[in-house]
Amino acid sequence: MYTIFKNDSSIILTDDGNMALKKHHFLWKDIQGDKALDDILSINNAEVYLIDDDLDGMWEEFKQKFKIIEASGGIVKNDHDQVLFIFRNGIWDLPKGKIELGEGREEAGLREVEEECGLRSLQLGNFIGTTYHVYEEKEIQILKISYWYKMFSNQKDLTPQLEEGITDLKWVGQSDLNLILNNTYPNISLLLDRYQSSL
């Protein structure tokens, strides 16, 4: 199963035929051309299910309809069991950025987190998972695939990367996490759930 976010909606690619009972469901074989997919992507505030027996084949065909941008980032924790969040464009987020040409995912994740947060001492941990979201830029449909890693730092003096629109950085403990979740992206909430369940 793949869950791709667009604004306040999620598009779920699945091979589970029982999802045909859901309100917004479509058989992948019935989706012909970009117009049909555009109509599906324009559904607001809903879970949309795309169903096909060949999940991997559907995923490959789905990706071909977008320009792919790959990014990498991290969930950074410290000794106090706090997670480091960035504040950008009025929303709390996790640090990440585009993978540059010739760069590996882990290398890019460390570099981007260091740059966005002004970190000098950062340790790389295990891979957590991948998130997906689609958006439009200059009339081009983009699918951003983001790879996430556990990271660790105890650095206290943090510097937000202002040129990237980051205006604040905050170490957040469990007791304040709900405040963040009320003002973050759905894919970040999903990632944090996955992260918490892996601890």
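List, please: which pairs have Cβ atoms under 8 Å, are six or more places apart or on different chains, and start with a residue in the range 93-108 that is in contact (Cβ under 8 Å) with a residue 24 or more places away in the chain and over 18 Å from Leu192 (Cα atoms) and end with one that is part of a helix (DSSP H, G or I) and charged (D, E, K, R)?
Lys98/Glu112; Ile99/Arg105
How many residues are under 15 Å from Tyr147 (Cβ atoms) and assigned to a loop (DSSP other than H, G, I, E, B) if we restrict to the range 66-97?
2
For the subset of the range 156-179 comprising residues that are in a helix (DSSP H, G or I) and modelled with pLDDT of 90 or more, which member is nearest to Leu94 (Cα to Cα)?
Let us first name the residues in the range 156-179 that are in a helix (DSSP H, G or I), namely 162-164, 174-179.
Filter again for modelled with pLDDT of 90 or more, leaving 162-164.
Values: Leu162: 15, Glu163: 16, Glu164: 13 Å.
Looking at the filtered set, the residue picked out is Glu164.
Report yes if Tyr195 is in a helix (DSSP H, G or I) and either touching a strand residue (DSSP E or B) at 6+ places or on another chain (Cβ under 9 Å) or open to solvent by 30 Å² or more (accessible area, probe 1.4 Å) (or both), otherwise no. Steps first, please.
Details: in a helix (DSSP H, G or I): yes; either touching a strand residue (DSSP E or B) at 6+ places or on another chain (Cβ under 9 Å) or open to solvent by 30 Å² or more (accessible area, probe 1.4 Å) (or both): yes.
Criteria met by Tyr195.
Among Glu116, Glu107, which is the only one that is farther than 30 Å from Asp38 by Cβ, acidic (Asp, Glu), open to solvent by less than 40 Å² (accessible area, probe 1.4 Å) and assigned to a helix (DSSP H, G or I)?
Glu116
Considering only residues that are of a type in the set (Lys, Arg) and at pLDDT 95 or above, look in the range 64-85 and name the one that is least open to solvent (accessible area, probe 1.4 Å).
The selected residue is Lys77.
Do you know which residues across the range 43-58 are open to solvent by 10 Å² or more (accessible area, probe 1.4 Å), under 19 Å from Ser10 (Cβ atoms) and over 17 Å from the mean Cα position of the chain (by Cα)? Explain how you work it out, then say what you get.
Residues of the range 43-58 open to solvent by 10 Å² or more (accessible area, probe 1.4 Å): 43-47, 49, 51-57.
Retained after the next criterion (residues that are under 19 Å from Ser10 (Cβ atoms)): 43-47, 49, 51-52, 55.
Across the range 43-58, the qualifying residues are Ile43, Asn44, Asn45, Ala46, Tyr49, Ile51, Asp52, Leu55.
Of everything in the range 10-23, what is modelled with pLDDT of 90 or more and more than 20 Å from Gln64 (Cβ to Cβ)? Give them in sequence order.
Answer for the range 10-23, where residues must be modelled with pLDDT of 90 or more and more than 20 Å from Gln64 (Cβ to Cβ): Ser10, Asp16.
Output the residue which, of all residues in the range 25-42 that are assigned to a loop (DSSP other than H, G, I, E, B) and exposed (fewer than 15 other Cβ atoms within 10 Å of the Cβ), is modelled with the lowest pLDDT. Explain how you work it out, then say what you get.
First, pick out the residues of the range 25-42 that are assigned to a loop (DSSP other than H, G, I, E, B): 31-32, 42.
Still in the running and exposed (fewer than 15 other Cβ atoms within 10 Å of the Cβ): 32, 42.
Values: Gln32: 74, Ser42: 85.
Filtering first and then ranking leaves Gln32.
Go through the range 154-192 and give me each residue that's in contact (Cβ under 8 Å) with a residue 60 or more places away in the chain, open to solvent by 30 Å² or more (accessible area, probe 1.4 Å) and within 15 Å of Asn78 (Cβ to Cβ).
Selection gives Asn154, Leu158, Lys170, Trp171, Gln174.
The values are calculated or read from the model by the stated rules, or taken from the named source; none is laboratory data. On a predicted model such as this, the values are computed, not experimentally measured, just so you know. Note that each Cβ is placed from the backbone with ideal geometry, even for glycine, and that neighbours are counted across all protein chains shown. Each accessible area value is taken on the protein alone, full model and side chains, heavy atoms only, with ligands, DNA and RNA left out. Shrake-Rupley method; radii C 1.70, N 1.55, O 1.52, S 1.80 Å.
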